[in-house]
Amino acid sequence: MYHFSMFLKPGDKPYGNISNLELKDGYFGASLCSLFTEQLEDIRQSLICNMQRIVIYTLNMPLDEKESYLRAFRAAALLRIKFIKICLCTLERGSEARIAQMREIIAMANAFHLKVLFEGGGKYDFFDTACYQKIRNENTGLIFNPLHYVKEGRNPFLNVMYKSKCRDDIQVLRINDGLYEGGIPVMIEEGNAEIKECASSLLARGFEGYFSFKPY
């Protein structure tokens, strides 16, 4: 059985029958760490009534704000969020001090049974396999966006996914396509992102994660 998710911006409403949602912090009008218990309960009840689930929630907070992360993780556990994505801008190009702080954040998330995801490529090109392996454990995973690598003029499947030592860590495949010429986004299978090859390779390795869509 395939799993699909939909990325939504504030103000967007879910599309079609895709009930798995991807949200950025602030979608509910405030940061997850600052929502009151009553607000969280209202959100939880709305998700239940609409048969929806937040599968990915992106946090973008300084890594030294551990109390904020603790409150956010408590809220995420209450809302039954599956994955927390931490924006790589917090790593400051992978400095050792930030890496150590990230390990602490991952351990905190694990205490709430939350898995932490990272999305490299694009402006976060520094987040390569070597960087990821410094924080990698059984509680981490990756989001793979082929369009990031198309924009760099790289072959997403043969040059990136196929050669990656961490491809089994991929939990989410972004269904984005585009052209090498200018990185212009196009409809699926009309560009150079090799969506079919990436998806087939993951499924052949027992992929049970999510295929992520973004409304255009």
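The values are calculated or read from the model by the stated rules, or taken from the named source; none is laboratory data. Everything quoted here is computed from the prediction, not taken from an experiment. Every residue, glycine as well, gets a Cβ built from its backbone with ideal geometry; the counts of neighbours run over all protein chains shown. Accessible surface areas use protein heavy atoms only, side chains included; no ligands, DNA or RNA. Shrake-Rupley method; radii C 1.70, N 1.55, O 1.52, S 1.80 Å.
When the range 79-94 is examined, which residues are found to be assigned to a strand (DSSP E or B) and open to solvent by 20 Å² or more (accessible area, probe 1.4 Å)?
Taking the range 79-94 first, the residues assigned to a strand (DSSP E or B) are 83-86.
The answer is LYS85, and nothing else.
For the range 111-119, state whether one or more residues are closer than 27 Å to HIS3 by Cα and of a type in the set (Asp, Glu).
The first filter runs over the range 111-119 and keeps only residues closer than 27 Å to HIS3 by Cα, leaving 111-119.
Right, trim to of a type in the set (Asp, Glu) and you get 119.
Taking every residue of the range 111-119 in turn, at least one turns out to be closer than 27 Å to HIS3 by Cα and of a type in the set (Asp, Glu).
Could you please tell me which pairs satisfy a Cβ distance under 8 Å, a separation of 6+ or placement on different chains, a first residue in the range 129-151 that is surrounded by 16 or more Cβ atoms within 10 Å (Cβ to Cβ), and a second residue that is in a helix (DSSP H, G or I) and among the acidic types (Asp, Glu)?
Hits for this filter: TYR132/ASP169; ARG136/ASP169; THR140/ASP169; GLY141/ASP169; LEU142/ASP169.
Please work out which one of (1) surrounded by 15 or more Cβ atoms within 10 Å (Cβ to Cβ); (2) within 28 Å of ASN192 (Cβ to Cβ); (3) among the hydrophobic types (A, V, I, L, M, F, W, C) is the condition PHE126 fails and give its number.
The one condition PHE126 does not meet is (1).
Would you point out which residue out of ALA97, ALA76, ALA107 is at negative phi, at pLDDT 95 or above and open to solvent by 10 Å² or more (accessible area, probe 1.4 Å)? Step through it out loud before you land on a result.
Details: ALA97 fails: at pLDDT 95 or above; ALA76 fails: open to solvent by 10 Å² or more (accessible area, probe 1.4 Å).
Just a single option satisfies the conditions, and that option is ALA107.
Of the conditions (1) surrounded by fewer than 16 Cβ atoms within 10 Å (Cβ to Cβ); (2) free of Cβ contacts under 8 Å to residues at least 60 places away in the same chain; (3) on the phi < 0 side of the Ramachandran plot, GLU189 satisfies every one except a single condition; which number is it?
In the conditions (1) surrounded by fewer than 16 Cβ atoms within 10 Å (Cβ to Cβ); (2) free of Cβ contacts under 8 Å to residues at least 60 places away in the same chain; (3) on the phi < 0 side of the Ramachandran plot, GLU189 misses (3) alone.
Among what's in the range 30-67 and is open to solvent by 80 Å² or more (accessible area, probe 1.4 Å) and assigned to a loop (DSSP other than H, G, I, E, B), pick the residue that is nearest to GLN171 (Cα to Cα).
Across the range 30-67, the extreme among qualifying residues is ASN60.
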